[in-house]
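The values are calculated or read from the model by the stated rules, or taken from the named source; none is laboratory data. Since the structure is predicted, the reported quantities are computational estimates derived from the model, not experimental observations. Glycine also receives a Cβ, built like all others from the backbone with ideal geometry; neighbour counts cover every protein chain displayed. Side chains are part of the model used for accessible areas, which takes the heavy atoms of the whole protein and leaves out ligands, DNA and RNA. Shrake-Rupley method; radii C 1.70, N 1.55, O 1.52, S 1.80 Å.
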Amino acid sequence: MRTHYCGQVNSQTIGQEVTLCGWAHRRRDHGGVIFIDLRDREGLAQVVCDPDRPEMFAIAESVRNEFCLKITGKVRARPAGTINANMPSGEIEILCHAIDVLNPSVTPPFQLDDDNLSENVRLLHRVIDLRRPQMQKNMQLRYKTARSFRRFLDDAGFIDIETPMLTKSTPEGARDYLVPSRVNPGHFFALPQSPQLFKQLLMVAGFDRYYQITKCFRDEDLRADRQPEFTQVDIETSFLDEAQITQLMEELIRTVFKEAIDTDLPNPFPRLSYADAMYRYGSDKPDLRVTLELTELTDAVTDVSFKVFSSVANSEAGRVAGLRIPGGATLTRGEIDAYTSFVSIYGAKGLAYIKVNDVTQLNETGLQSPIVKNLHDAALKAIVERSGAQSGDLIFFCADKAKIVNDALGALRVKIGHERGFVNGKAWEPLWVVDFPMFDYDDEAKRWVACHHPFTSPKDEHLGLLTTDPGKCLAKAYDLAMNGWELGGGSVRIHRSDVQKQVFAALGISAEEAKLKFGFLLDALNYGAPPHGGVAFGLDRIVTMMTGAESIRDVIAFPKTQRAQCLLTDAPSEVDEKQLRELHIRLRQKVQTQVEVSQD
């Protein structure tokens, strides 16, 4: 039906007759000559309709925005002064010979070049939204990125194997999406949070290099970088250790960025232990473009009279840390209060601060703050020396549980860094974060929980700590971070059933519960399971970063809202009572008593 895409007609095709198909992006009547900008997925082409062909011209007069058209014409150079260097077809135009209206269009709900649309309007009319050139570019980049992943992995000997979408519920991480079984009344499948167990079983089965670009599902609260269903590049390999896996995956990511957006990432990627990342940046996915770092002060303030610091410094899980802002002494009280409100989002009760007027004077003249009088000279000296403070700087302080301090100051570091220009100017800063703890302690549940997942292998030298001191046990785990986002994470897996049972025990999972939930895995590990490990990369997040979009919803064709709803199809929705009966499900209606106030 067509000979070219609109965006592919250029100066090389001058003199040729072409047939194009697409949508009327814009129609302009210039007093006897009609211009139609025809759009398809590859771009725009300017079509010129003159009255020399009356039948064609009459059709052109009836065309409106978003009509679906087929146009045949001759390619010619644009007149001097009308060339558009910003588009591939900007040097040419098509002199129209014939127009077919393949399908007219009602007036669209918004103009495709309107940049002030609410997200709800865009998602409600997603089909039209996807016609917008930026969304077309986003989806094409997503395809190119996925294609690059596949090409690299195929060439490296990985095999694409599908794993089940209906599987067993093992509620150890986020909430599962459950699917009732009609033929097994009272029983439920779960949609996979990841193919983790199946890809390990594939390693036991002898498929030593596996990958899959697959959907995963988590019924959790949503954020800008989260969706209830998301796409990950899932990878597993046998007979490689931590260093070999991360080296191969690093080469993969460098190749993908080069092929998809022609970007050269550093070689090699820097590596940082989890402990150092939290110590210096307050985050396990630090944005290394920001040059600011945290200053550890816990040991320096254990005996100061300022109880906000000393009480925390003497608690087992407490941390006192500072964040130096070069030139920050010029901050107004209003700006300081705004930053204090910001950290409250992360649970911080407040921000103390010191303005460094004169770094040579460790007193209330040189160091301006209500807290200075409650800090002895040794503490003040440690603050100045460790932070590297200079005259004219400001230092923020946070004292609380280590997690709150890390979250609050880590986020403040990034906010101030980007707002006030404390960045290194690099576009991309990848980083491997390694040596994660095996476990976190859940204060509410009063038990250890897995930092990654229960199938992550401990360091060989830390096996004994599983029973004696789980909190000190480090894992063979690694995350790839970039610009403050986690691109992917993985680990070397446990390939011995006796070690897996020890990890289950450390997590408070009894032998009976382990057999019930994971018996198939424990059994498989007994059949000569090879050493293996892998990683999963978030395709949505990677493409979001590449496009510079604010949300992963801008790189997913049909995403959900923050309330996990599809506005386009009105899902989720109620279902027919007959369907519920077939599934042996009865809805429980919660009746709330309301007091009605009569208004006479």
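What strands (runs of 3 or more DSSP E), lying completely within region 196-310, carry at least 2 residues that are under 26 Å from Ile161 (Cα atoms) and open to solvent by 20 Å² or more (accessible area, probe 1.4 Å)?
So the answer is 209-217, 229-238.
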The residue from Ser11, Ser62 that alone is touching a strand residue (DSSP E or B) at 6+ places or on another chain (Cβ under 8 Å) and at pLDDT below 95 is Ser11
Apart from one, (1) touching a residue at least 40 places away in the same chain (Cβ under 8 Å); (2) at positive phi all hold for Val543; the odd one out is (2)
Among the numbered criteria (1) touching a strand residue (DSSP E or B) at 6+ places or on another chain (Cβ under 8 Å); (2) of a type in the set (Asp, Glu); (3) surrounded by fewer than 16 Cβ atoms within 10 Å (Cβ to Cβ), which single criterion is violated by Glu316? (1)
Considering only residues that are part of a helix (DSSP H, G or I) and of a type in the set (Asp, Glu), look in region 135-160 and name the one that is nearest to Arg122 (Cα to Cα). Asp154
What's the total number of residues in region 176-193 that are within 26 Å of the chain's Cα centre (by Cα) and surrounded by 15 or more Cβ atoms within 10 Å (Cβ to Cβ)? 6
Within region 61-82, the residues that are of a type in the set (A, V, I, L, M) and either over 45 Å from the mean Cα position of the chain (by Cα) or loosely packed, with under 14 Cβ neighbours inside 10 Å (or both) are Ala77, Ala80
Going by the conditions given, is Arg131 in a loop (DSSP other than H, G, I, E, B), modelled with pLDDT of 95 or more and open to solvent by 70 Å² or more (accessible area, probe 1.4 Å)? no
Only one of these is buried (at least 21 other Cβ atoms within 10 Å of the Cβ) and not in a loop (DSSP other than H, G, I, E, B): Ala481, Ala514, Ala505, Ala524. Name it. Ala481
Determine, yes or no, whether Ile94 is modelled with pLDDT of 95 or more, touching a helix residue (DSSP H, G or I) at 6+ places or on another chain (Cβ under 6 Å), more than 30 Å from His453 (Cα to Cα) and not in a helix (DSSP H, G or I). no
State whether the residues of region 533-551 include one that is among the hydroxyl-bearing types (Ser, Thr, Tyr), open to solvent by 10 Å² or more (accessible area, probe 1.4 Å) and more than 26 Å from the chain's Cα centre (by Cα). no
Right, Leu323: within 22 Å of Gly484 (Cβ to Cβ) and surrounded by 20 or more Cβ atoms within 10 Å (Cβ to Cβ) or not? yes
Residue that is of a type outside the set (D, E, K, R) and in contact with a Phe, Trp or Tyr (Cβ under 7 Å, 6 or more places away or on another chain), where the choices are Pro228, Pro268: Pro228
Take Asn86 and decide whether it is open to solvent by less than 70 Å² (accessible area, probe 1.4 Å), of a type in the set (S, T, N, Q) and either touching a helix residue (DSSP H, G or I) at 6+ places or on another chain (Cβ under 8 Å) or free of Cβ contacts under 8 Å to residues at least 60 places away in the same chain (or both). no
Can you find even one residue in region 166-188 that is at pLDDT 95 or above, in a loop (DSSP other than H, G, I, E, B) and of a type in the set (D, E, K, R)? no
Quick one: which strands (runs of 3 or more DSSP E) sit completely within region 402-465 and have at least 1 residues that are open to solvent by 40 Å² or more (accessible area, probe 1.4 Å) and in contact (Cβ under 8 Å) with a residue 60 or more places away in the chain? 447-450
Could you tell me which residue of region 25-43 is most open to solvent (accessible area, probe 1.4 Å), considering only residues that are modelled with pLDDT of 95 or more and closer than 17 Å to Ile83 by Cβ? Phe35
What do you reckon, is Gly318 under 30 Å from Leu480 (Cα atoms), at pLDDT 95 or above and either out of contact with any Asp or Glu (no Cβ under 8 Å at 6 or more places or on another chain) or among the small types (Gly, Ala, Ser) (or both)? yes
Among what's in region 182-208 and is in contact (Cβ under 8 Å) with a residue 40 or more places away in the chain and among the polar types (S, T, N, Q), pick the residue that is farthest from Asp234 (Cα to Cα). Gln200
Here is a check on your reading of the model: is Gly489 in a strand (DSSP E or B) and not hydroxyl-bearing (Ser, Thr, Tyr)? yes
So, in region 6-24, how many residues would count as being surrounded by fewer than 18 Cβ atoms within 10 Å (Cβ to Cβ) and assigned to a loop (DSSP other than H, G, I, E, B)? 4
Does at least one position in region 577-590 carry a residue that is closer than 30 Å to Pro437 by Cβ and either at pLDDT 95 or above or of a type in the set (A, V, I, L, M, F, W, C) (or both)? no
In the set Gly392, Gly388, the lone residue that is among the small types (Gly, Ala, Ser), closer than 30 Å to Tyr274 by Cβ and open to solvent by 20 Å² or more (accessible area, probe 1.4 Å) is Gly388
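If only one of Val33, Val9, Val47 is within 24 Å of Phe110 (Cβ to Cβ) and of a type in the set (Val, Ile, Thr), which one is it?
Val47
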Which ones in region 84-119 are of a type in the set (A, V, I, L, M, F, W, C) and within 20 Å of Leu20 (Cα to Cα)? Met87, Ile92, Ile94, Leu95, Cys96, Ala98, Ile99, Val101, Leu102
List, please: which pairs have Cβ atoms under 8 Å, are six or more places apart or on different chains, and start with a residue in region 43-63 that is outside any loop (DSSP other than H, G, I, E, B) and end with one that is open to solvent by 30 Å² or more (accessible area, probe 1.4 Å) and β-branched (Val, Ile, Thr)? Val48/Val33; Cys49/Val33; Ile59/Val101; Ser62/Val101
For region 352-384, give me each residue that is free of Cβ contacts under 8 Å to residues at least 60 places away in the same chain and either open to solvent by less than 30 Å² (accessible area, probe 1.4 Å) or under 37 Å from the mean Cα position of the chain (by Cα) (or both). Ala352, Tyr353, Ile354, Lys355, Val356, Gly366, Leu367, Ser369, Val372, Leu380, Val384
